[in-house]
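Scroll down for the structure; my scribbles are underneath it.
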Amino acid sequence: MPVNLQHGLDGGPYISASIDFVVDPSNGWTNVGVRRLMLRGRREAGVDLNSPSDLRALYEAAVKQGRRLPVAFVVGAHPCDYVAAVMRLPVDELDLVASMRNAPLAV
């Protein structure tokens with residue numbers, strides 16, 4: 001997949017609009033968000049956790065407890081997934097994705 005610099009001052013090439021899925025261990029809900037992935041090599045990418053986000057809060061909580069935070073990134077998802085990923089509702093967002101697709105999602 002070709003990936004290029006998007007802006008002259010970027011630190012590397014980015015894949016725009018990936019969707020991240022992470023389970024909140026406090027309630028078992030899946031959080032869904034949209035991120036840019038900066039490629040750092042053939043098998044490594046980074047995300048910006050400087051801006052406030054649910055992913056940042058979950059990551060900070062995991063670090064505070066001395067545990068890892070598993071996260072999955074999807075590139076090229078269904079359009080409904082992006083709509084669900086930007087909604088700020090106190091629900092399991094994986095259920096929201098499934099509801100918007102009108103189909104159950106296997107995990």
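The values are calculated or read from the model by the stated rules, or taken from the named source; none is laboratory data. Since the structure is predicted, the reported quantities are computational estimates derived from the model, not experimental observations. Because the Cβ atoms are built from the backbone with ideal geometry, glycine has one as well, and the counts that use them run over all protein chains shown. Surface accessibility is based on the protein's heavy atoms, side chains included, excluding ligands, DNA and RNA. Shrake-Rupley method; radii C 1.70, N 1.55, O 1.52, S 1.80 Å.
Overall dimensions of the chain, expressed as equivalent-ellipsoid semi-axes from the Cα gyration tensor (√(5λ), whole Å, largest first), are 24, 19, 12. Between Asp95 and Val63, the modelled label-to-label distance comes to 3.1 nm, taking each label 7 Å out from Cα in the direction of the beta carbon. Applying a length cut-off of 20 Å (Cα extent along the axis) and a mean Kyte-Doolittle floor of 1.6 to the DSSP H helices of the chain leaves no helix. Legend: calculated FRET efficiency, Met87 to Asn50, from the Cβ-Cβ distance at R0 = 25 Å, rounded to 0.05, equals 0.65. Stretching Ser16 away from Val74 to a fully extended chain increases their span by 19.8 nm, per 0.36 nm per residue minus the current alpha-carbon distance.
Here the chain has 56 percent of its accessible surface on carbon and sulfur atoms, given a 1.4 Å probe and all protein chains in place.
When the helices of the chain are scored as -39500 (n - 2.57) per DSSP H run of n ≥ 4 and the total is divided over every residue, the value at 222 nm lands at -7500 deg cm²/dmol. Close amide H partners of Gly12, meaning residues 5 or more places away or on another chain with modelled amide H under 5 Å apart, do not exist here.
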